[in-house]
Amino acid sequence: MQIQQEMMQRAIVLAKQGVGAVDPNPLVGAVIVKDGRIIGEGYHMRFGGLHAERNALANCTEDPEGATLYVTLEPCCHYGKTPPCTEAILQAKIATVVIGSRDPNPKVAGNGAAILRQAGVTVIEDVLREDCDAINQPFFHYITTKQPYVVMKYAMTADGKIATRTGASQWITNEESRQHVHVLRNRYQGIMVGIGTVLADNPLLTCRLEDGCNPIRIVCDSHLQIPLDSQLVQTAKEVPLWIATCSKDTEKQNALLQAGAQVLQFDGNKVPLAQLMTVLGEKQVSSVLVEGGATLHAAMLEENLVQCVYVYIGAKLFGGTTAKTPIGGLGVALPQEAANLHLQRVQTFGDDVLCVYTKR
């Protein structure tokens with residue numbers, strides 16, 4: 001049992017190396033062990049590339065016949081951008097397959113394990129399942145709902161303010177906390193803001209990690225107010241920019257298209273967020289990081305579209321009854337109407353605190 005957990009933990013470490021590069025596919029790592037020795041390792045490196053099992057087999061230092069394969073997610077058994085991993089496992093004459101997570105994808109969903117068992121392979125499931133599931137919550141949500149996994153992120157002071165009474169907000173958190181935000185931008189496939197944030201801050205919304213992956217930048221802009229000289233528009237040919245709007249201003253839309261942006265057109269006077277999530281899912285966007293501001297946060301919560309919340313708490317006190325808070329809108333009338341959260345973990349960055357919650 002201990003060797004199973006050690007090897008699966010190693011497979012999880014490998015899987016995480018694919019962060020930012022495999023969406024909308026899952027993160028998967030694989031380790032091949034023979035006679036107590038690791039003879040091959042691999043992970044899913046990029047979308048459309050070989051899966052973890054095939055990479056591990058390709059990296060074997062000796063014949064894997066009779067070996068044990070540890071893999072964080074049930075091997076696929078269908079043809080996609082690559083052939084089924086079950087075929088590769090059987091061809092390599094692997095004797096035992098140890099699986100962490102069960103794949104909720106209807107194309108797999110137990111069939112991968114069943115095929116291996118029917119061929120005489122010993123299959124052991126649910127080893128470190130909770131840990132393996134944790135790295136793929138966005139994939140599991142996307143594959144079962146066809147909508148992106150939504151993470152709401154904000155930074156606030158210890159007294160719950162996102163800006164001073166004058167609107168100044170730089171900086172609430174320290175440099176270490178702000179650097180960690182780029183880990184999230186690398187992790188999630190899209191990043192979404194409201195037009196108010198664009199007009200107030202003129203953000204770039206890119207990932208500044210070395211070798212990091214830039215998210216698709218999504219702006220909710222009902223009336224197409226985004227300036228053509230904004231950083232987002234000026235970099236639209238280098239980093240994807242999608243603008244969700246209800247405006248039928250064809251001249252402005254054409255200018256944005258020529259700049260390299262993509263326009264997502266909706267009916268009505270206000271971008272319908274639930275419909276936007278459906279469209280993003282259809283475009284294979286499996287996860288979205290929502291970075292505000294308060295109006296967009298409130299609207300996303302009101303429509304029950306948020307699955308996870310990252311709260312960075314800076315070691316400062318702003319005060320002020322008119323200073324903005326992270327969630328705008330009308331708010332609930334009674335405490336029992338609140339959105340209830342489950343605390344997943346707490347992390348510190350110097351004097352700053354990060355609390356990660358999931359919606360109950």
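The values are calculated or read from the model by the stated rules, or taken from the named source; none is laboratory data. Just so it is clear, the structure is predicted and the values come from calculations on it, not from any experiment. Here the Cβ positions follow ideal geometry from the backbone for every residue, glycine too, while neighbour counts run over all protein chains shown. To get the accessible areas, we keep the full protein, side chains included, count just its heavy atoms, and leave off ligands, DNA and RNA. Shrake-Rupley method; radii C 1.70, N 1.55, O 1.52, S 1.80 Å.
Quote the relative contact order of the chain in percent (integer), defining contacts as alpha-carbon pairs under 8 Å separated by 6+ residues.
16 percent
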Just round it to a whole percent: the fraction of Cα-Cα distances in the range 17-154 exceeding 22 Å. 33 percent
What share of the DSSP beta bridges in the chain is antiparallel, in percent to the nearest 5? 40 percent
Calculate how steeply helix 175-187 sits against the longest principal axis of the alpha-carbon atoms of the chain, using the helix alpha-carbon long axis, and give the answer as 0 to 90 degrees to the nearest 10. 60 degrees
Given the candidates Q137, C246, Y43, the one whose Cα lies deepest towards the positive end of the charge dipole of the chain, counting +1 at each Lys or Arg C-beta and -1 at each Asp or Glu C-beta, is C246
If I model a spin label at V346 and E62 as a point 7 Å from the Cα along the Cα→Cβ vector, what separation in nanometres do I get? 4.9 nm
To the nearest 20 Debye, how big is the dipole of the chain about its Cα centre, given +1 on the beta carbon of each Lys and Arg and -1 on that of each Asp and Glu? 400 debye
How big is the convex hull of the Cα atoms of the range 173-280, per residue, in Å³? 105 Å³
I need the chymotrypsin sites (Phe, Trp or Tyr not before Pro) found in the range 46-137, filtered to DSSP loop residues with at most 12 other beta carbons within 10 Å of theirs. Y79
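In what sequence, largest accessible area first, do D229, D103, D126, D63 appear using a 1.4 Å probe? Don't jump to the answer; show the numbers that get you there.
On the way: D229 120, D103 15, D126 60, D63 90 Å².
Largest accessible area first, the residues go D229, D63, D126, D103.
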What does the charge count near R102 come to, summing +1 for each Lys or Arg and -1 for each Asp or Glu among other residues with Cβ under 15 Å from its Cβ? -4
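Roll a 1.4 Å probe over the protein chains and send me the accessible area per residue for the chain in Å². Please list the in-between numbers first.
Numbers: 16970 Å² over 360 residues.
Heavy-atom accessible area per residue stands at 47 Å².
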Does the range 319-360 come out rounded, prolate or oblate, given a ≥ b ≥ c as the square roots of the eigenvalues of its C-alpha gyration tensor, rounded meaning a/c under 1.5 and, failing that, prolate meaning a/b above b/c? oblate
So which of K146/K283; K237/K283; K248/K324; K34/K93; K153/K359 end up more than 21 Å apart, counting from Cα to Cα? K248/K324
Please report the accessible area of C207 (heavy atoms, 1.4 Å probe, ligands and nucleic acids excluded) in Å², nearest 10. 10 Å²
Quick one: how many Å² of L264 are accessible to a 1.4 Å probe, rounded to 10? 10 Å²
Rounded to the nearest 10 Å², the 1.4 Å probe accessible area of C220 is 20 Å²
Part-to-part distance (alpha-carbon centres) for the range 251-277 and the range 67-142, which is given in Å: 40 Å
From the Cα gyration tensor of the range 269-315, with a ≥ b ≥ c the square roots of its eigenvalues, which class applies: rounded if a/c is under 1.5, or else prolate if a/b is larger than b/c, or else oblate? oblate
Please report the carbon-and-sulfur percent of the accessible area for the chain; probe 1.4 Å, protein heavy atoms only, DNA, RNA and ligands left out. 49 percent
Using heavy-atom solvent-accessible surface (probe 1.4 Å) with all chains present, what is the largest-first order of R217, R208, R117, R187? R208, R117, R187, R217
